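The structure appears below as structure tokens.
The values are calculated or read from the model by the stated rules, or taken from the named source; none is laboratory data. If you're wondering where the values come from, they're calculated on a predicted model, not measured in any experiment. Note that each Cβ is placed from the backbone with ideal geometry, even for glycine, and that neighbours are counted across all protein chains shown. Note: areas computed on protein heavy atoms with side chains; ligands, DNA, RNA excluded. Shrake-Rupley method; radii C 1.70, N 1.55, O 1.52, S 1.80 Å.
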Amino acid sequence: MDIVRTRADVIIPVYKPKKTFLQLLDMLSRQRQYLKRIIIINTEKKCFDERISEQELLQKYDNLLIRHISKEDFDHGKTRNYGVSLSDSPYFVMLTDDCMPKDDNLLQNLLTPFKDSKIAISYGRQLPNQDCGVLEAFTRGFNYPEISRVKCAEDIPELGIKAFFASNVCAAYRRETFDTLGGFVPRTIFNEDMIYARRVLDAGFGIAYAADAQVIHSHNYTGLQQFHRNFDLGVSHAQYPEIFGGITAESEGIRLIKNTCIYLVQKGKPWLIVKLFWQSVCKYAGYFLGKRYRKLPQKMVAACSMNKDYWRQQKKQNSVTN
């Protein structure tokens with residue numbers, strides 16, 4: 001199949017979209033040579049209507065498909081699988097509603113790596129927003145460097161968890177491989193992208209990091225927010241030992257801290273090292289507790305988590321099962 005002439009469906013889970021979401025749709029529409037449809041899976045129709053007119057969107061974009069789900073039906077894996085089920089393209093692109101393509105070449109650059117039949121995932125580079133803090137901006141550069149590369153199972157001993165690092169903030173998938181491997185796990189609090197990416201490597205396929213496929217996306221999380229996010233990260237690692245077992249994330253975190261300290265000193269901002277260590281303590285504490293969530297009281301687990309709806313759904317499912 002000629003990748004240059006292939007058009008992909010773009011799938012975007014949406015919840016309480018901001019006005020910048022309209023800019024995202026405009027940027028995607030400028031890439032029509034590679035775009036087939038934009039599939040929006042929105043959580044809570046009422047929240048969507050309060051912010052954006054669905055009728056106006058459908059009138060403006062003739063290739064738009066909008067589906068609504070309830071909040072209790074949302075799951076990071078299940079919801080994205082639903083979006084994929086609405087696509088008939090041989091390739092599809094996952095985006096989040098808070099990212100922004102840097103230019104008109106995003107889809108082209110994401111799809112190009114699929115010229116290699118062994119590539120099952122292609123994910124893009126995330127650049128910091130203009131209001132991004134110094135620490136977060138450096139972290140973006142650390143996780144998303146300037147140089148593209150292809151990763152395979154043989155890279156796991158060298159790269160560790162980074163070998164199957166990929167992000168659904170901006171990632172493209174080969175549909176045939178996706179269906180063969182069973183798609184995203186239907187229920188997960190976090191990391192549906194990396195869980196699938198590890199299975200891709202284990203099946204003998206490759207992951208392409210396309211540094212020229214760029215989106216603007218960053219968060220200025222507080223220490224407490226970092227704690228909550230990393231708690232969920234730890235939970236996902238504990239729930240999927242076959243994916244993350246035997247590979248530590250702590251070593252990569254230590255390397256990030258060391259590199260950030262050097263960077264801050266070089267930039268003449270050593271006082272930010274205090275903030276760095278505070279955020280690092282929050283991240284590690286959240287991750288440490290998350291990996292041991294089964295030993296914690298249920299109320300404490302919900303309080304520590306960023307995704308509290310996940311635990312409400314879990315409690316409801318348990319009550320039905322029992």
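If we keep just the residues of the range 263-322 that are of a type in the set (Ser, Thr, Tyr) and at pLDDT below 90, which is farthest from Phe227 (Cα to Cα)?
Per the stated criteria, the residue is Thr321.
Which of the residues that make up the range 218-260 are closer than 30 Å to Met27 by Cβ and either open to solvent by less than 10 Å² (accessible area, probe 1.4 Å) or in contact with a Leu (Cβ under 6 Å, 6 or more places away or on another chain) (or both)?
Correct list: Asp232 only.
Please list, ordered by first then second residue, the pairs with beta carbon atoms under 8 Å, 6 or more apart or interchain, first in the range 222-236 and free of Cβ contacts under 8 Å to residues at least 12 places away in the same chain, second open to solvent by less than 40 Å² (accessible area, probe 1.4 Å) and assigned to a helix (DSSP H, G or I).
Listed pairs, sorted by first residue: none to list.
For Gly245, only one of the following conditions fails: (1) modelled with pLDDT of 95 or more; (2) under 28 Å from Phe277 (Cα atoms). What is its number?
The number of the failed condition is (1).
Just checking, which of Asp49, Asp75, Asp62 is in a helix (DSSP H, G or I) and among the acidic types (Asp, Glu)?
Exactly one of Asp49, Asp75, Asp62 is in a helix (DSSP H, G or I) and among the acidic types (Asp, Glu), namely Asp49.
Per-residue answers, yes or no, for (1) more than 19 Å from the chain's Cα centre (by Cα); (2) open to solvent by less than 80 Å² (accessible area, probe 1.4 Å); (3) farther than 30 Å from Ile147 by Cα; (4) of a type in the set (S, T, N, Q):
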site	(1), (2), (3), (4)
Gln266	yes, no, no, yes
Leu272	yes, yes, no, no
Leu276	yes, yes, no, no
Tyr284	yes, no, no, no
Asp309	no, yes, yes, no
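Can Tyr61 be described as closer than 27 Å to Ala213 by Cα, of a type outside the set (Asp, Glu) and in contact with a Ser or Thr (Cβ under 8 Å, 6 or more places away or on another chain)? Talk me through it step by step, then tell me what you get.
Values: closer than 27 Å to Ala213 by Cα: yes; of a type outside the set (Asp, Glu): yes; in contact with a Ser or Thr (Cβ under 8 Å, 6 or more places away or on another chain): yes.
In short, yes.
For residues that are in contact with an Asp or Glu (Cβ under 9 Å, 6 or more places away or on another chain) and in a loop (DSSP other than H, G, I, E, B), tally how many sit in the range 7-22. Give the steps one after another, and end with the answer.
Within the range 7-22, the subset in contact with an Asp or Glu (Cβ under 9 Å, 6 or more places away or on another chain) is 9, 12-18, 20-21.
Those left that are additionally in a loop (DSSP other than H, G, I, E, B): 15-18.
Number of matching residues: 4.
Output the residues belonging to the range 38-89 that are of a type in the set (Ser, Thr, Tyr) and open to solvent by 20 Å² or more (accessible area, probe 1.4 Å).
Ser53, Ser70, Tyr82, Ser85
With respect to the numbered conditions (1) farther than 18 Å from Pro186 by Cα; (2) out of contact with any helix residue (DSSP H, G or I) (no Cβ under 8 Å at 6 or more places or on another chain); (3) open to solvent by 60 Å² or more (accessible area, probe 1.4 Å), which one is the sole condition not fulfilled by Lys16?
The failed condition is (2).
Taking Val134 as the residue in question, decide whether it is of a type in the set (A, V, I, L, M), closer than 30 Å to Trp271 by Cβ and touching a Leu at 6+ places or on another chain (Cβ under 9 Å).
It is true that Val134 is of a type in the set (A, V, I, L, M), closer than 30 Å to Trp271 by Cβ and touching a Leu at 6+ places or on another chain (Cβ under 9 Å).
For the range 90-202, which helices (runs of 4 or more DSSP H) that fit wholly inside it have 3 or more residues that are open to solvent by 20 Å² or more (accessible area, probe 1.4 Å) and out of contact with any Cys (no Cβ under 7 Å at 6 or more places or on another chain)?
134-143, 156-159, 175-180, 192-202
Quick one: count up the residues across the range 49-81 that are within 27 Å of Gly183 (Cα to Cα) and either small (Gly, Ala, Ser) or out of contact with any Gly (no Cβ under 7 Å at 6 or more places or on another chain) (or both). Steps first, answer last, please.
Initial filter on the range 49-81 (within 27 Å of Gly183 (Cα to Cα)): 63-81.
Checking the rest, the ones that are also either small (Gly, Ala, Ser) or out of contact with any Gly (no Cβ under 7 Å at 6 or more places or on another chain) (or both) come to 63-80.
Number of matching residues: 18.
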